[in-house]
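Each remark here refers to the structure printed beneath this line.
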Amino acid sequence: MTLLREHDLGTPAQKGPATVDLEIDGLAVTVPEGTSVMRAAGLVGIDVPRLCATDSLAAFGSCRLCLVEINGRRGAPASCTTPVEAGMKVSTQTPRLEKLRRGVMELYISDHPLDCLTCAANGDCELQDMAGVVGLREVRYGYAGENHLDTTKDESNPYFTFDGSKCIVCSRCVRACEEIQGTFALTIAGRGFASKVAPGAGNFLGSECVSCGACVQACPTATLEEKTVISLGVPRRSVITTCAYCGVGCSFKAELRGDEVVRMVPYKDGGANEGHSCVKGRFAWGYTTHKERVLTPMVRDAITDPWRVVDWEEAISYTAGRLRSIQARHGVGAIGGITSSRCTNEEVFVVQKMVRAAFGNNNVDTCARVCHSPTGFGLKQTFGTSAGTQDFKSVDTCDVMVVIGANPTEAHPVFASRMKRRIRQGAKLIVIDPRRTEIVRSPHIEADHHLQLQPGTNVAVVNAIAHVVVAEDLVDHEFVAERCEPDDFNKWAAFISAPEYSPEATEEITGVPAADLRAAARLYATGGNAAIYYGLGVTEHSQGSTMVMGMANLAMATGNIGRQGVGVNPLRGQNNVQGSCDMGSFPHEFPGYRHVSDDTVRHLFEETWGRSLDSEPGLRIPNMFDGAIEGTFKALYVQGEDIAQSDPNTHHVKAALASLELCIVQDLFLNETAKFAHVFLPGTSFLEKDGTFTSMERRIQRVRKAISPVGDSRPDWKILCDLSTKMGCPMGYQKPAEIMEEIASLVPIYAGVNYPGLEKEGIRWSSTNGRKRRFFPIEYKGPIEQPDDRYPLWIIPRGFHYHYGIGTTTKRAQGLAKVFPDSCVEVHPEDATKAGLEDGGKVKVVSPRGEVETICKISGAVPKGVAYFATTFFPVFVNNLLVSGFDATSQHPEYKVFIGRIEKR
Ligand code: SF4
Ligand code: SF4
Ligand code: SF4
Ligand code: FES
């Protein structure tokens, strides 16, 4: 594929029907009201010259290059800021306009370094293009511009440079930071010829900048330029693919020279991101070719032996032989597998198929167990489908946004930018979180209510809100009567009206002032379209499923479900959590969430796979660990997941891994789990393979191979097919598209999905199921442990904006360690004083189960009595500290709160 350049129409599209007819250079065009003349011209193939305009930003009208003539009007108006009118006759090319444009370009060029031939952006620069387009032949003002040519470069950001000498002060970067990203890190300082772009604190690294790169993308010159473009050269070809970090599912153009990635550019037609991205997706891809990647298969008989490099044939035979030997000695159920939410749908599908069909049991589980299994359970119970209700666009019509236990600015930055845009447009905001997250107060945004609840009291708060809705009769009775089970509603309403659930009665437990909670409840119920967005602060609790049902109850009671602008929407962590759950990663469900005991469904799979399948649910991850320690579970296949670090109670997990007779790790790096492995099978990154991911808005999107597999690594689906075939259950797929064909034939929610159909912006699978929604009375139970004299603080683990999961990939991405070099624990100033802690000082975080060293950060954003521990980096075994308790229904661990103290070191 050649380098794809999307057609830039100059100004954003207007909503509404095309009703305004006009004529541009003799061509008829009909566009929606409010469309600019520039965009209308672009739509009939006439690109009016421009520098300050681009269709991702509102028109600004500063460069004066886009002048046009309009019949009956004097002068030459700027086409980017002039809206169309019915009957207009516009000319974009006349001798007068050409002369005017050349004059404008002369001014720009006189103050620009004339180093085009050696400039990193040569061939990829709009200024250069425009000089050609307007036919610039001479510069009457000379070339010795006095204004910017001696400016020093700002190289502080690890990913891009700012070369002020090339700046034409078009303000596109400033506007991108404001309008698209919502960070407001840049301004134009000074006036006239002295004006220049200025990051807040003098340089980019010291400013509020979060390295999203929107300004770099918007810049029409080489002023803001990726460092990889400077070092590797302008890219020559591009491949459209999907980000492998978070569940937003941003589309990217991987831009390459030969077999080398030069940069990742967010794709304008991406259904989830519409041309925006965060630092991780845009810049943190260096891990794919990191020198620590393992590039050959390795085996060893005991974990105390050194690794032995082998070829693929031997690795697969060795693994299959040992698995079969274990089954012969310990039974069919002594082995199992864990799927990864980072792998593609096709890869997850073949893992669970291998377990069910080749291993002959249902011992397959997923790492989603430790993030969003309560979402699957809670939403299935109440709404009938294990998925969030809305797409991202829905937030554009939301009037009241409720953010619970989520920090979208850090965990889902691209969606957070969209949320913030809507809030700046006037939507109300309710944040329910112990911490004052960035979205509570940021430039031009202030939450209407921040319910700063005590850790672990989500259910008490959601019940108190529901109590207000029922007690004050804010219920949408029409919606409830038509769309919900009436008996369930009546039982629930009677339950929740009891005085013990009132805000006043629960204030002592939740710490939320009753009046504030009542006001928030009224706003949610009566403020128009109200949407709930929630994250791991909801699900990673022992009452995770209960809370999901509580939020669903609230949405149903107020009629905030079933249309755009409303809903109950999980903000999922990993790129393919939704897809890996859809693909049958749970021990009790076939792909498509159908129980293994359902004879009709099982027979369908048996017929297709030519095997008889177990009708009993298999082991969940915690059961596998317990079985390993007890000696009944002997071998585990781990697909792209570092369970030794990411699962709670590390001692227990490691004891279980150490008890296994065979541990097979399929990954990119020798992670912690690989220390317990007997077989290491080197898989590939998202850039090296084909497949699909399903994002948190249920959008199935293509992942496309951009570069060849590095070294001797192989696409994970291929490894699994070979292993399954060796174990006597042939999988002869030649390419992932064939696996998708089988998925589409077996999984109703994926029916009709095929690769050609996913070409443009992917497809969202439908969550409508026709059944009436159900209310469930839910009871609050406190956290598993409570602070005491020895452990006086609540400790809440959290992630970092700049890093992902446990940091396996982001820590190996170029530059991220520089942006955020260490882990830390955030402590309230009073707690810090009490414990004698200093900002930046070394401390120990101690829980009843262990201790971990880190750095102290004193912060007014956290409430008194609560400390936040950033968990990202892999030397930091924060999981040593976690309590081993589970959500009774989904068996999700109590991740998000434990007790502890912080000591000075
Ligand atoms: S990288 Fe993003 S946050 Fe930083 S200045 Fe540019 S647009 Fe703003
Ligand atoms: S840095 Fe680029 S985008 Fe920003 S004002 Fe200068 S030329 Fe325009
Ligand atoms: S928001 Fe998520 S999907 Fe988008 S670029 Fe960032 S990490 Fe990737
Ligand atoms: S593009 Fe219209 S004024 Fe700059």
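Where only DSSP H runs of four or more residues are counted, the chain gives -8000 deg cm²/dmol as its mean residue ellipticity at 222 nm, each run worth -39500 (n - 2.57). Spread over its residues, the convex hull of the C-alpha atoms of region 292-346 is 145 Å³ per residue. Relative to the longest principal axis of the Cα atoms of the chain, the long axis of helix 621-630 lies at roughly 40 degrees.
Residue-normalised convex hull volume from the C-alpha trace of region 9-68: 72 Å³ per residue. Put a dot 7 Å past the Cα of His330, heading toward its Cβ, do the same for Asp487, and the two dots end up 4.7 nm apart.
Assuming 0.36 nm per residue, please report the length gained on full extension of the stretch Asp25 to Arg905 beyond their Cα-Cα distance.
Stretched out fully, the Asp25 to Arg905 stretch lengthens by 309.3 nm.
Listed values for region 557-563 are Karplus-derived 3J(HN,Hα) couplings in whole Hz (6.51 cos²θ - 1.76 cosθ + 1.60, θ = phi - 60°), namely 4, 9, x, 9, 8, x, 7, and x replaces Gly and Pro. Between the alpha-carbon centres of region 822-847 and region 628-688 there is a gap of 33 Å.
Other residues lying with their Cβ under 9 Å from the Cβ of Ser708 contribute a combined charge of -1, Lys and Arg counting +1, Asp and Glu -1.
Distance between the C-alpha centres of region 376-424 and region 728-757: 30 Å, rounded to the whole angstrom. At full extension, Asn122 and Lys15 could sit 34.9 nm farther apart than now, given 0.36 nm per residue minus the alpha carbon distance. Near Thr242, the amide H atoms lying under 5 Å from its own belong to Phe252, Arg704; only residues 5 or more places off or on other chains count, and H is placed 1.01 Å from N. In the chain, the longest principal axis of the Cα atoms and the axis of helix 716-726 are about 30 degrees apart. Computed 3J(HN,Hα) for region 608-615, one whole-Hz value per residue from the Karplus formula 6.51 cos²θ - 1.76 cosθ + 1.60 where θ = phi - 60°, is 5, 8, x, 9, 8, 10, 6, 8, glycine and proline marked x. The protection proxy used here, the mean number of other Cβ atoms lying within 10 Å of each residue, ranks peptides 237-243, 88-94 as follows, highest first: 237-243, 88-94.
Rounded to the nearest whole Å³, what is the per residue volume of the convex hull around the Cα atoms of the chain?
175
Measuring between alpha carbons in the structure, the pairs from Lys15/Lys760; Lys634/Lys654; Lys15/Lys420; Lys689/Lys726; Lys291/Lys735; Lys280/Lys353 lying more than 25 angstrom apart are Lys291/Lys735; Lys280/Lys353. Modelled spin-label separation between Lys675 and Thr526, with each label point placed 7 Å from Cα along the Cα-to-Cβ direction: 5.8 nm. The distance linking region 95-127 with region 234-308 is 35 Å (Cα centroid to Cα centroid, whole angstrom). Helix 458-471 and the long axis of the chain differ in direction by around 80°, with both axes built from C-alpha atoms.
Each reported figure results from applying straightforward, stated rules to the coordinates on display, with no laboratory input. Only a predicted model underlies this, so the values are computations on that prediction, with no experimental measurement involved. As a convention, Cβ positions derive from the backbone with ideal geometry for all residues, glycine included, and neighbour counts pool all protein chains shown.
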